[in-house]
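For reference, the structure is listed below as structure tokens.
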Amino acid sequence: MTICFWKATLDNASFKNSSYIGGNFSEASMTYAHLYGFKCTSCHYFQTNLFKVNLSNAHFVGGSSFKSADLRQATLHKTLFNTGIDFENANMMTIEANSARFNDCSFRWTQLSESSLENTTFEQCEFDSTRMINVKLNQTSQIVMTRLNGTKLNITNCVFFMARFVRVNSMKIQTSKSDFTKAHVADEQFKQTASLAGSTLPNGTVVSF
């Protein structure tokens, strides 16, 4: 089903277990909306206000876009973002993700600070000029075959305790005051970074400034 909610007011609306193809929610207000079990293919949320939205068990696939969307404090429990999902300029501060999965997603100029990402997987994603301050990933979170690009990627005061980094390209990134205690990270990946000042390595060593 295709539908257009452009600039609509959908605060507290319920889309539980709904399914759409090519839906347009751009510039809509969807604060506190309930999207549990929601499924959307090639849907657009450009500048959509999704503050405190519940996306638990929702699936977004096939080139859906969240460009410049406001996802602050959104709940992502077992949420799937799959195949060409674009989060450029999205505000994802303070999201609560648990068992969420991001496959082939782009996080260019995305704000991810203060977020909690438990048992969350990023696979074949790209982070470019992304801001990640005080982000927490627990021991069951994974970052797989993902690109962390360039000196404009800001990773500060993040916790990656026992997180897994598998075939990650981390060329020239700046990482400071972050905790990689017991994280599974290849030495080659650390060698690619431009800076690890103040960070704690998997073996407990603290890198001096």
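The values are calculated or read from the model by the stated rules, or taken from the named source; none is laboratory data. Note that this is a predicted model, so its numbers are computed, not measured. All Cβ positions, glycine included, derive from the backbone under ideal geometry; neighbour counts span all protein chains shown. All accessible areas refer to the heavy atoms of the entire protein, side chains included, with ligands and DNA or RNA removed. Shrake-Rupley method; radii C 1.70, N 1.55, O 1.52, S 1.80 Å.
Tabulated data for the structure shown
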quantity	calculated
Where the chain is the region considered: accessible area per residue in Å², 1.4 Å probe	45 Å²
Inter-label distance for F209 and E96, nm, one decimal - labels placed 7 Å from Cα along Cα-to-Cβ	3.5 nm
Phi-based couplings in Hz for region 95-100 (Karplus 6.51, -1.76, 1.60; Gly and Pro marked x)	5, 10, 10, 9, 6, 7
Top positive-direction residue, dipole computed over the chain with Cβ charges, set S64, T200, L148	T200
³J(HN,Hα), Karplus 6.51/-1.76/1.60, whole Hz, each residue of region 198-209, x for Gly, Pro	x, 8, 9, 7, x, 8, x, 5, 9, 7, 6, 6
Prolate/oblate/rounded call for region 148-190, Cα gyration tensor, a/c under 1.5 rounded	oblate
Signed unit charges on C-beta, dipole axis of region 46-129, positive-most listed residue N91, F122, F107	N91
Cα gyration tensor, region 77-196 - rounded (a/c under 1.5), prolate or oblate	rounded
Prolate/oblate/rounded label for region 52-113 (Cα gyration tensor, a/c 1.5)	oblate
Interchain or long-range residues, amide H under 5 Å from S99's placed H	K78, E118, N119, T120
222 nm mean residue ellipticity, helices alone, for the chain (DSSP H n ≥ 4; -39,500 (n - 2.57); rounded to 500)	-500 deg cm²/dmol
About the Cα centre, charge dipole magnitude for region 23-128 (Lys/Arg +1, Asp/Glu -1 at Cβ), debye	320 debye
Gain on full stretching of the segment that runs from Y32 to D187 - 0.36 nm per residue minus C-alpha separation	51.5 nm
Cα-projected label distance for D11 with M145, points at 7 Å along beta-carbon direction, nm	4.3 nm
Set of lysines with alpha-carbon distance to K177 below 27 Å, sequence-local pairs under 8 removed	K136, K152, K191
Bins of 5 Å from zero: percent of alpha-carbon pairs in the chain	2, 8, 14, 23, 19, 13, 9, 6, 4, 2, 0, 0
Contour excess over end-to-end distance, with Cα ends at D128 and S18 and 0.36 nm allotted per residue	36.4 nm
Candidate lysines for bridging to K7, where Cα separation is under 25 Å - those fewer than 8 sequence places away on the same chain excluded	K16, K39, K52, K67
Percent carbon-and-sulfur accessible area, the chain, ignoring ligands, DNA and RNA, probe 1.4 Å	49 percent
